[in-house]
1. Quick one: how many residues across segment B:19-33 are more than 9 Å from chain A (Cβ to nearest Cβ) and in contact with a helix residue (DSSP H, G or I) (Cβ under 7 Å, 6 or more places away or on another chain)?
2. Going by the structure shown, is residue B:15 closer than 29 Å to residue B:127 by Cα, part of a helix (DSSP H, G or I) and within 14 Å of chain A (Cβ to nearest Cβ)?
3. Counting just the residues of segment B:1-12 that are in a loop (DSSP other than H, G, I, E, B) and closer than 18 Å to residue B:67 by Cβ, which one comes out farthest from the chain's Cα centre (by Cα)?
4. Name the one entry in B:146, B:138 that is part of a helix (DSSP H, G or I), on the phi < 0 side of the Ramachandran plot and buried (at least 18 other Cβ atoms within 10 Å of the Cβ).
5. For segment B:34-47, name all the residues that are facing chain A (nearest Cβ under 8 Å) and crowded, with 21+ Cβ neighbours inside 10 Å.
6. Would you say residue A:92 is modelled with pLDDT of 85 or more and at negative phi?
7. Can you tell me which residue in segment B:89-105 is farthest from the other protein chains (Cβ to nearest Cβ), limited to those that are in a loop (DSSP other than H, G, I, E, B) and more than 11 Å from residue B:130 (Cβ to Cβ)?
8. Among the candidates B:168, B:108, B:180, B:185, which residue alone is more than 10 Å from chain A (Cβ to nearest Cβ), more than 17 Å from residue B:40 (Cα to Cα) and buried (at least 18 other Cβ atoms within 10 Å of the Cβ)?
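The values are calculated or read from the model by the stated rules, or taken from the named source; none is laboratory data. Please read all numbers here as calculations on a predicted model, not as lab measurements. Every residue, glycine among them, receives a Cβ derived from its backbone with ideal geometry; neighbour counts consider all protein chains shown.
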């Protein structure tokens, strides 16, 4: 085994073969490489069948719900295109339809103004050319009292 | 109802539409692999689990950006490596501080472990802890490249795609990290004697 083959094997997952061990025993450069590789393996060691603790999904779901930005996620993670925009379009159409319907069925606002003017005594007296009613005087009384 | 055999791509489309059941199926399918990758960087299972959960939260948030032409594994691996790199940055250690804090016992145990000598369980555990501390002194991206390449068996091309880098840059990072590890390993015998 040459140095390149030795180093290639050291960089592959799994334990080093007997051939690699023999080579590193006689080659200081590859021995240093082997120690570095072992340092990496030791520091990154984990059990092969390791699994998260029971209840991982439940804890994840709680975190998902506790983050307000996430509970609204469809609107944030591109759902805007898919959900919010069509919803806004529907709402706008409904609002326009309601407004049109109201304008068609609502009573004429001008009619109310006419009835107010006709029934109000102040308006009636002003329109009749007697502004004294504005000050609470009897119709025609103001004109006679101010006569010298 | 969500079909357990549904493809990752179809499940991701449903997740993007806000379907929690589809998300549950994806979590069940990938949680062990994500957790085991996180364990490579974080020794305490609670920390690795926390990282794994963060990865899935990010997956949920970014589901709409997933394009089904690429395998979900790559998309998930990208999120996982970015999350690990971010966390490693938060807990980065200065090499000289770690090296100066090594006790003679721990230094000697790790030195013997690196020489291939069998250790007692307690010594082996201490050697692993020290090795993890020493790895924490590597730049996070360099360490991630080395773990993905040498322990997870990923190619430089795959890692470049996942990390948004080039093959050449990945190889340079791996080379730099191995050189740093050789230097650290070379200094251990003196630490074991002091």
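1. 4
2. In short, no.
3. Across segment B:1-12, the extreme among qualifying residues is B:6.
4. Answer to the selection: B:146.
5. B:35, B:39, B:40, B:41
6. Criteria met by residue A:92.
7. Here the residue is B:94.
8. Exactly one of B:168, B:108, B:180, B:185 is more than 10 Å from chain A (Cβ to nearest Cβ), more than 17 Å from residue B:40 (Cα to Cα) and buried (at least 18 other Cβ atoms within 10 Å of the Cβ), namely B:108.
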